[in-house]
Number of protein chains: 4
Amino acid sequence: MMDELRIAVVGVGRIGLTHAENLAHRVRQARLIAVTTSSAERAEAARRRCGAVPVYETLDRLIESESPDAVIISSSTSAHVRNVEQCAAAGLHILCEKPLGLTLEECARAVNAVESAGVKLMMGHTRRFDAGYEEAKRLIVAGAVGRPVLYRSLSGDVDPPPPSFADLGVSGGLILDSMYHDIYLGRWLMNDEIIRVYGEGGALIDADVGAVGDVDNAVVSARFAGGAMATLTASRTTRYGHDLRGEVIGDEGAVQVGRLRKTPVRWLDTSGVHHDAVFTTPERMGDAFVTMVQSFVDCVLDDTDPPVSSQDGLATLAVAIAARHSIQTGAPVEI
Amino acid sequence: MMDELRIAVVGVGRIGLTHAENLAHRVRQARLIAVTTSSAERAEAARRRCGAVPVYETLDRLIESESPDAVIISSSTSAHVRNVEQCAAAGLHILCEKPLGLTLEECARAVNAVESAGVKLMMGHTRRFDAGYEEAKRLIVAGAVGRPVLYRSLSGDVDPPPPSFADLGVSGGLILDSMYHDIYLGRWLMNDEIIRVYGEGGALIDADVGAVGDVDNAVVSARFAGGAMATLTASRTTRYGHDLRGEVIGDEGAVQVGRLRKTPVRWLDTSGVHHDAVFTTPERMGDAFVTMVQSFVDCVLDDTDPPVSSQDGLATLAVAIAARHSIQTGAPVEI
Amino acid sequence: MMDELRIAVVGVGRIGLTHAENLAHRVRQARLIAVTTSSAERAEAARRRCGAVPVYETLDRLIESESPDAVIISSSTSAHVRNVEQCAAAGLHILCEKPLGLTLEECARAVNAVESAGVKLMMGHTRRFDAGYEEAKRLIVAGAVGRPVLYRSLSGDVDPPPPSFADLGVSGGLILDSMYHDIYLGRWLMNDEIIRVYGEGGALIDADVGAVGDVDNAVVSARFAGGAMATLTASRTTRYGHDLRGEVIGDEGAVQVGRLRKTPVRWLDTSGVHHDAVFTTPERMGDAFVTMVQSFVDCVLDDTDPPVSSQDGLATLAVAIAARHSIQTGAPVEI
Amino acid sequence: MMDELRIAVVGVGRIGLTHAENLAHRVRQARLIAVTTSSAERAEAARRRCGAVPVYETLDRLIESESPDAVIISSSTSAHVRNVEQCAAAGLHILCEKPLGLTLEECARAVNAVESAGVKLMMGHTRRFDAGYEEAKRLIVAGAVGRPVLYRSLSGDVDPPPPSFADLGVSGGLILDSMYHDIYLGRWLMNDEIIRVYGEGGALIDADVGAVGDVDNAVVSARFAGGAMATLTASRTTRYGHDLRGEVIGDEGAVQVGRLRKTPVRWLDTSGVHHDAVFTTPERMGDAFVTMVQSFVDCVLDDTDPPVSSQDGLATLAVAIAARHSIQTGAPVEI
């Protein structure tokens, strides 16, 4: 039995570098053995922050030279499925950043590859491991809200991404990249599946994002199989902070997740009462990144099921794609 | 020039009695001269709380005997248009509780009657006079949020109304009775008109409400003419309190209205930190009822335009009817 | 049996005018019949806001001409005892603003006069009627905090008063005028008497206040007979708002009173999250002024004991005087 | 030049084990090389959580065998000075948990030893590194509050410690162990020295703590050299949570530090609105432990002055001893 997992990280952009650092310094029973990136700058950053870790230009070469036990895939979404297939072929366990792919078809291919290889695939749904959402789930399961009837969520990013990222063919756009989180959380918190969506969206603020077919703000109405309803909002222009909120209202009570504050300080002067806000995902999510990766390491070492399965990834993506389609067509979409 | 307005109140149910009391005790330059009700119990309550005010069974008899200057119409919604026509015929200025009627056609009749008679008609949109929404409007107008792109609202009532009230032919149901407020506030705060809505709704908790054709929970997505988007939620089952919230997110900031707390107290014990919540409209709205009626009195005495016009009432109702229609048909509705 | 109390108001400065307005418009079973003031400007304000009420230059003339049933004394503190004696001699019931006087000796005289005359004397401790403090008391009595061991309070005014008011011979200064409230609330909430105090104070910001012997900021430590402890803070320079807070910590929990917010709105931009604050006593206290006067009217009409007795006034003043003495001498003072 | 500091931890009780774990996993350019403890159970815990680290029964033997570069002293307070002398004699840099000792005399000895040896001594004032207090300091220095005139603090622990710890000869008792933090923070935030204190304290709840001469609740009034005032509260019986608060009020504004909440969730039901609270120091302080140790490591490797000096430790202890003396004697104490 392994008592330490030797893990590589594919792609060390913003999130990938966070994973690499956490593997290097904070996750128990795990060792960061290598990363991939084709950017000299990112390679340098990875070496500086992760203790002289080996850097490879391609995943193939990394696998060949280092024989990792497992891989965290944080490449761009358009590369996910190919990377999953490579890792599965090499018999590596996989933690893959969401979404698994850009179409349900390619995701099905990835799932097949994983199942044929008999390796584990866990989806990187970070917010699921945030202390706030975990406590909300615990309260709902404990009956604190009675029967859930409404799910309301908001995901706000401070600035639109560059068009190269917003491109529907790269990240999947606002709905697949950002509202995806809230769709997953809604399914998980409500313990139900979404069967119909209707969306409104537009590139109201950032014409560049519009030029590549994406929107910068959107609202989606959704219906669960059990009759409950949802309203989801995603915005790339909440300039006041990285505003993540979730709420479940039941017939006996409600739970609300979300706190925009960064430090436990407020200041007061003649113009009012003020406090700061979080502006980045690590500020808001804190230990959730570590908890998620730890959870992956534990499920591989203990040979248990991943807490977020590939089926979760597929079901969530199906809703996200339907929501994006509704925004594009102006008609409600049944799932 | 009058220096005091002699006002009658038509209907002294929950809201009408509040108006009558405020006229009797708290509104300046106004005098409560009579009320109508056919209920002996309500007549008694009105006399007890408003200083032995004369009570009439019908509006006609009240007008004949008391010759008021103005009337506040707080009868059931289905009686509004007829009451407006009676008052207009008698040359009385009118403050009419929302909505003006149950169909756009009958509302148009009421507006014609008022215009022919040359009397003032102000709509009773109480929340518009709440200190919170007024401050939000001020901030938005001052540019605090930049260009508004998202409007999010929630109206939560603690319990479903009796089916006799929920009846679409009496109150208009959840959308016309409750979400109506948020539609109006959205139009006002965003300074724009809603051009398309899509709704999901259901009688999830209260079968009695469903039996008369109404829903107890609903979410609506909406699109403004200028491109901005909205998501509106109405619930008759927020058991934890009378939860009214509104939020406008712009491309430079945001404003949020809403505070559920009743008293400025919190208590703390080993099970957590706790505070109470408001459960009734007067608890939440406070002076807004007085401010609204004062505003009506002032506009009559000063001969200025009502701050909430009959056109506001019609435009808001048009959206509410469209939203209800979308919930019933499952299709988005253009307005 | 009277069914309406005819009340005069002595002194229509800031607080007195509030009382007069509330009597004129909002208190049930009470009628404002006259006020006294020697200021033409205040007389005009009283007439404008209280419906052409008669104004007298002196209390004697008012009593002679109007024969009131009761009086609210809101003259300057240095005139309280004389006014109480005048009213007692005329057989009038009295609601007297705090403190009853500037020395325990003169207060004893006032109490004697009242007892001889057989009239009621209620102390004007407004905060006692604030919904927040009332709920805190209810929770403590209900056992929510267990055995109370710590009382912490803060009273913050936005600006120092003019030296003519700060003068120890006029208002009694910061401790008798402002911290007095917190001393009373502490005695009431803890249901115990203070037996020792130690204070530190200084005129740190406003030399004019220092020139008349007063301080603009002070902290006081206190000990209750039952062993519990208190720390009280008073400041004339909380520029950010009228900050009133109270807190009781027991061996099983705690209650905290206080909320600085004026409207239920917050706004958010790149510089942080902001909300407004209350700056005046009516903004913070809201209906407490009405509740207090209503309570006085009720106790006279129903012939019950005033909820805040003259003994409460004396015991509170004794502590306030001791605290002021400790600040002046630098030594703890036993009471 | 060293590029990694080899550090030992003396004493692996609650705080010492936290330091050891952070050195093992989270502090950059530092390596945990050994710990001391005479408890088999603690030795086992240290090995389990810090990767098979060598454990010694005594500091002497550890120094002899491992030749560390630096030491974190988290033994019981009564052992601090002796440990400091041992480490100084061996030429080791020192991070010593607060307070440095139980008397000013023995602390002076420790400081002499350190100065003679030419090693660095940093005091372990964790809260100084909390993001909240750091931001408060930044705001005050930036002028956000104007001239500071009041400092108010509260340190609340959920339960009294065992009498063996409360013993004045072991931990120094409530004032030296707990209020010490707030004294230091007050000096730092106000940028001024305390010159006089007066305290009230008692063993109101826990007779066992009283039996060893300590108190379980206390309030202290203090005066700064520049005229500003302070009120400090310490409690061992804030059952509702580990409640740490600090506040500076200036003549132009105020800053408040403190947030009791653990997770960003609130739940709402018919009994009110609820959220959880933090109950332990790591929950409240989060990364402050890592930040503090990192700061020590950096100052040794970069040969800069420690951010919290031994003089800070002595000045803070002098105030704490005076406050404890005032509680014992009932008289104010000049420092």
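The values are calculated or read from the model by the stated rules, or taken from the named source; none is laboratory data. Keep in mind that what you see is a predicted model, and the values were worked out from it rather than measured. For neighbour counting, all protein chains shown are included, and Cβ atoms are generated from backbone atoms with ideal geometry for every residue, glycine included.
Looking across the range C:74-86, the residues that are touching a Cys at 6+ places or on another chain (Cβ under 9 Å) and part of a helix (DSSP H, G or I) come down to C:80, C:81, C:83, C:84. Screening D:225, D:230 for residues that are surrounded by fewer than 24 Cβ atoms within 10 Å (Cβ to Cβ) and more than 14 Å from chain A (Cβ to nearest Cβ) leaves exactly one candidate, D:225.
In summary, residue A:294 fulfils each of the numbered conditions (1) over 22 Å from residue C:268 (Cβ atoms); (2) out of contact with any Lys or Arg (no Cβ under 7 Å at 6 or more places or on another chain) with the single exception of condition (2). If only residues of the range A:241-282 that are among the polar types (S, T, N, Q) and more than 29 Å from residue B:217 (Cβ to Cβ) are counted, the one that is farthest from the chain's Cα centre (by Cα) is A:270. Given the condition in a strand (DSSP E or B), at pLDDT 95 or above and surrounded by 13 or more Cβ atoms within 10 Å (Cβ to Cβ), answer yes or no: does some residue in the range A:45-56 qualify? Yes, the range A:45-56 contains at least one residue that is in a strand (DSSP E or B), at pLDDT 95 or above and surrounded by 13 or more Cβ atoms within 10 Å (Cβ to Cβ). In this structure, is residue A:169 closer than 17 Å to residue A:80 by Cα and either modelled with pLDDT of 95 or more or in contact with a Gly (Cβ under 8 Å, 6 or more places away or on another chain) (or both)? No: the conditions fail for residue A:169.
Residues checked against (1) touching a helix residue (DSSP H, G or I) at 6+ places or on another chain (Cβ under 9 Å); (2) not small (Gly, Ala, Ser):
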residue: D:154; (1), (2): yes, yes
residue: D:159; (1), (2): no, yes
residue: D:169; (1), (2): yes, no
residue: D:179; (1), (2): yes, yes
residue: D:187; (1), (2): yes, yes
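Can we say residue C:276 is within 14 Å of chain B (Cβ to nearest Cβ), among the acidic types (Asp, Glu) and more than 30 Å from residue C:115 (Cα to Cα)? In short, yes. Just for the range A:190-222: of the residues that are in contact (Cβ under 8 Å) with a residue 60 or more places away in the chain and outside any strand (DSSP E or B), which one is nearest to the other protein chains (Cβ to nearest Cβ)? Within the range A:190-222, the match that is nearest to the other protein chains (Cβ to nearest Cβ) is A:215. Restricting attention to the range B:62-89, the residues that are surrounded by fewer than 20 Cβ atoms within 10 Å (Cβ to Cβ), more than 23 Å from residue B:18 (Cα to Cα) and among the hydrophobic types (A, V, I, L, M, F, W, C) add up to 1.
Going through the range C:110-125 one residue at a time, which ones are surrounded by fewer than 24 Cβ atoms within 10 Å (Cβ to Cβ), out of contact with any Leu (no Cβ under 6 Å at 6 or more places or on another chain), closer than 16 Å to residue C:304 by Cα and touching a residue at least 60 places away in the same chain (Cβ under 8 Å)? Scanning the range C:110-125 gives a single hit, C:120.
Checking each residue in the range A:242-254 for being touching a Lys or Arg at 6+ places or on another chain (Cβ under 7 Å) and either at the interface with chain D (Cβ under 7 Å from one of its Cβ atoms) or over 30 Å from residue A:192 (Cβ atoms) (or both) picks out A:252, A:253.
Conditions (1) buried (at least 24 other Cβ atoms within 10 Å of the Cβ); (2) within 14 Å of chain C (Cβ to nearest Cβ), marked per residue:
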| site | (1), (2) |
| --- | --- |
| B:91 | no, no |
| B:100 | yes, no |
| B:108 | no, no |
| B:140 | no, yes |
| B:172 | yes, no |
| B:182 | yes, no |
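Reported count of residues in the range A:1-44, each being crowded, with 17+ Cβ neighbours inside 10 Å, part of a loop (DSSP other than H, G, I, E, B) and aliphatic (A, V, I, L, M), is 2.
Of the residues making up the range C:129-138, those that are charged (D, E, K, R), under 20 Å from residue C:179 (Cα atoms) and surrounded by fewer than 23 Cβ atoms within 10 Å (Cβ to Cβ) are C:134, C:137.
Just one of the listed residues (B:239, B:259) is more than 14 Å from chain C (Cβ to nearest Cβ) and either surrounded by fewer than 21 Cβ atoms within 10 Å (Cβ to Cβ) or more than 24 Å from residue B:322 (Cα to Cα) (or both), and it is B:239.
Considering the range D:262-273, and only residues there that are among the β-branched types (Val, Ile, Thr) and facing chain A (nearest Cβ under 7 Å), the residue that is nearest to residue A:263 (Cα to Cα) turns out to be D:263. For the range C:315-335, a residue qualifies if it is within 14 Å of chain D (Cβ to nearest Cβ) and either assigned to a loop (DSSP other than H, G, I, E, B) or among the charged types (D, E, K, R) (or both), and the qualifying residues are C:330, C:331, C:332, C:334, C:335.
For residue B:267, the conditions (1) over 25 Å from residue B:171 (Cβ atoms); (2) at pLDDT 95 or above; (3) crowded, with 22+ Cβ neighbours inside 10 Å all hold with the exception of (2).
Scanning the range A:202-240 for residues that are at positive phi and touching a strand residue (DSSP E or B) at 6+ places or on another chain (Cβ under 7 Å) yields one hit, A:227. Here residue C:139 clears all of (1) over 16 Å from the mean Cα position of the chain (by Cα); (2) of a type in the set (A, V, I, L, M); (3) within 24 Å of residue C:196 (Cα to Cα) except the condition numbered (3). Could you tell me whether any residue of the range C:285-303 is more than 17 Å from the chain's Cα centre (by Cα), assigned to a loop (DSSP other than H, G, I, E, B) and more than 14 Å from every other protein chain (Cβ to nearest Cβ)? Within the range C:285-303, one or more residues are more than 17 Å from the chain's Cα centre (by Cα), assigned to a loop (DSSP other than H, G, I, E, B) and more than 14 Å from every other protein chain (Cβ to nearest Cβ).
Going residue by residue through the range D:62-73, is there one that turns out to be among the β-branched types (Val, Ile, Thr), under 30 Å from residue A:32 (Cα atoms) and either at pLDDT 95 or above or in contact with a Gly (Cβ under 9 Å, 6 or more places away or on another chain) (or both)? Write out each step before concluding.
Taking the range D:62-73 first, the residues among the β-branched types (Val, Ile, Thr) are D:63, D:71-73.
Restricting the remaining residues to those that are under 30 Å from residue A:32 (Cα atoms) gives D:71-72.
In the following step, the residues that additionally are either at pLDDT 95 or above or in contact with a Gly (Cβ under 9 Å, 6 or more places away or on another chain) (or both) were identified as D:71-72.
Within the range D:62-73, one or more residues are among the β-branched types (Val, Ile, Thr), under 30 Å from residue A:32 (Cα atoms) and either at pLDDT 95 or above or in contact with a Gly (Cβ under 9 Å, 6 or more places away or on another chain) (or both).
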